Amino acid sequence: MAVETPLLDTVKYPDDLRKLEKSQLRQLADELRAEMIDAVSVTGGHLGSGLGVVELTTAIHYVFNTPDDKLVFDVGHQCYPHKILTGRRDRIRTLRQGGGLSGFTKRSESEYDPFGAAHAATSISAALGFARARDHQGKDNQAIAVIGDGSMSAGMAYEAMNNAGHLGAKMIVILNDNDMSIAPPVGAMSAYLARASSSGVYHGFRKFSKQLAKRLPNAIYKQLAKAEEYGRGMVTGGTLFEELGFYYVGPIDGHNLDHLVPVLENARDMRDGPVLVHVVTRKGAGYPPAEEAYDKYHGVGKFDVVSGKQKKGTPNAPAYQKVFAKTLIKEAEKDDKIIGITAAMPSGTSLDMFAEVYPDRCYDVGIAEQHAVTFAAGMAADGMKPFAAIYSTFLQRAYDSVVHDVALQNLPVRFPMDRAGLVGADGQTHAGAFDLAYLGCLPNFVIMAAGDEADLVHQTATAAAFDEGPIAFRYPRGEGMGVDMPEQGRILEIGKGRIMKEGSRVAILSLGGRLVEALKAADTLESQGLSTTVADARFAKPLDHELILQLVRNHEMVVTVEEGSRGGFGAFVLHFLADQGLLDNGVKIRTMTLPDVFQDHDSPAKMYDAARLNAAQIVERVRETLGITAEVVNLRG
């Protein structure tokens, strides 16, 4: 008996998908889900969100003429099914691997990714941009944004919707409601209402009725318009979106292709104004382990498909984020003014641990970093001690609030900045590369960087005690260095570094998580006859002027090392030395930073090799600067 060819094998691009019968879409979606599960079990990555949109992705590519129709995913972590259907199935098991597919949408990767994303709430603004660009150029394609309910907690989404409603632009926003439970139960009646209210007949009748009503006296017209709007709103829950100028359709079952396809077709065929299609899905749909624990299966490592068990190794040292949270809990025991604030990342920052102990003193404000910062500023202005724990890359989204609401008013908001430096598989969009530069230029700020997990304990305690203005401290993703841990944090002297190793010829001045590599480099240099000092700056601002002068005056060469962009710590040191007239006194000064590019994803070790910030590259930089070949150094050794 011949074995049937799986439908997925016949679909390389959406054009192939659109050749199928509607009755075949269910089988294709099931095969697509199985393919995604198998691929992510090999690579790790975002699982639950992608599983939740398998049917929705299938329906979108079936109904719309992608890539001519512009499909913009919000965040992009749900795009794995999309990648499989758009010519990338043969590379799907390279997800998040060096040289492989990105875990998010990426313009340089495919014409089916018209807009790159990995931060939340950008999709509606971008889709509106595509819609107006289309209109200016006289084109007739569609602009579709797919946004999750979590992203709807970000103000930018409403700014975009307000503008779209004002412009009356033809575009479609698909709200993927999988967590907030903002919709009533979805069943046959709501599906019928969604189809009926999105149909051309109803839409045309509604337009005719509105035109007719406009001929009536103004007071009667307004009352009829309100009655129609709120009547539909009571049934569908779409009043808010209607107020923003969108034609609301939904809610509909996001896993029922018989409901999805006709509603999307109706939305596609509407000829005027923005439309919002409200689709209800389940994270992890179709894979029981992910459905039962969707929070743990949002992002996963490699796992066994049958059992769902994730393959995680035994940690060698505690994770930095957990060290921070445990220390904050200890500090909060002594000080009831300490508050934890996170922007939709309680587990990512480990503030969920703090919330378990102090539920009334921990706030998750949603994907709203700008609000989180100003909320913290308000608390600080009234004597509380807020810790706004936000990833370095996400704090970029709140920069005006940091400047205007915190720094300008010199308010003592504490900023624990997780994911400082490079982050491996999440790549360009999540790298914590710029915070030293964008915070270091602000008056009133104190900026620390932990060289190891023990120092993070001290820096957390220091931030808790510091009440003279804003203070930030940065630390890497992942495990610490395995150093001995203190029982309690010690309050550090502001602006003072420490000598880790004494030498006489070369000085390595490290800030942050490259400290262990600096120490390894020093050991190598010592073994080759180059006596080396290693200093841990601890503070990027204020600088330890005394330490820097000591290093410059007593060594032939000083090299600064940081896991940040140009314009950060090294630049601050050079600026200070230039002011002191010490850049031309014979000592060789070099800075080592992240390269001036957005680095592609890979393993962290390989990324730091590419950035030339591992021990071997530090040694190489010293040799090059001193003009010493490996052979000469070995002779001296």
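When the range 496-514 is examined, which residues are found to be in a loop (DSSP other than H, G, I, E, B), under 30 Å from ARG623 (Cβ atoms) and in contact with a helix residue (DSSP H, G or I) (Cβ under 9 Å, 6 or more places away or on another chain)?
Within the range 496-514, GLY497, GLY503, SER504, ARG505, GLY512, GLY513, ARG514 meet the criteria.
Here GLU493 meets the list (1) in contact with a strand residue (DSSP E or B) (Cβ under 9 Å, 6 or more places away or on another chain); (2) surrounded by fewer than 18 Cβ atoms within 10 Å (Cβ to Cβ); (3) assigned to a loop (DSSP other than H, G, I, E, B) almost entirely, failing just condition (1).
For (1) surrounded by fewer than 23 Cβ atoms within 10 Å (Cβ to Cβ); (2) assigned to a helix (DSSP H, G or I), each residue gets a yes or a no:
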position	(1), (2)
THR5	yes, no
ASP15	yes, yes
LEU20	yes, no
ARG33	yes, yes
THR57	no, yes
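Suppose the filter is surrounded by 12 or more Cβ atoms within 10 Å (Cβ to Cβ) and under 23 Å from ASP30 (Cα atoms); does LYS296 pass it?
Yes.
When the strands (runs of 3 or more DSSP E) confined to the range 343-454 are screened for residues that are under 23 Å from SER153 (Cα atoms) and in contact (Cβ under 8 Å) with a residue 12 or more places away in the chain, those reaching at least 2 such residues are found at 362-364, 385-389, 414-417.
Within the range 248-264, how many residues turn out to be over 32 Å from the mean Cα position of the chain (by Cα) and either surrounded by fewer than 18 Cβ atoms within 10 Å (Cβ to Cβ) or farther than 27 Å from LEU32 by Cα (or both)? Of the residues in the range 248-264, 1 are over 32 Å from the mean Cα position of the chain (by Cα) and either surrounded by fewer than 18 Cβ atoms within 10 Å (Cβ to Cβ) or farther than 27 Å from LEU32 by Cα (or both).
When each of ALA388, ALA381, ALA407 is tested for being surrounded by fewer than 22 Cβ atoms within 10 Å (Cβ to Cβ), at pLDDT 95 or above, outside the structural domain of PHE104 (by TED's automatic domain parsing) and under 28 Å from VAL561 (Cβ atoms), the lone residue that passes is ALA407.
Residues checked against (1) among the polar types (S, T, N, Q); (2) over 17 Å from PRO6 (Cβ atoms):
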site: GLU35; (1), (2): no, no
site: VAL54; (1), (2): no, no
site: THR57; (1), (2): yes, yes
site: ILE60; (1), (2): no, yes
site: ASP68; (1), (2): no, yes
site: ASP74; (1), (2): no, yes
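Just to be sure before I move on: is ILE124 farther than 30 Å from GLN370 by Cβ and not charged (D, E, K, R) in the structure I sent? When the stated conditions are applied, ILE124 does not pass them.
The values are calculated or read from the model by the stated rules, or taken from the named source; none is laboratory data. Small disclaimer: the values here were computed from a predicted structure and weren't measured. Because the Cβ atoms are built from the backbone with ideal geometry, glycine has one as well, and the counts that use them run over all protein chains shown.
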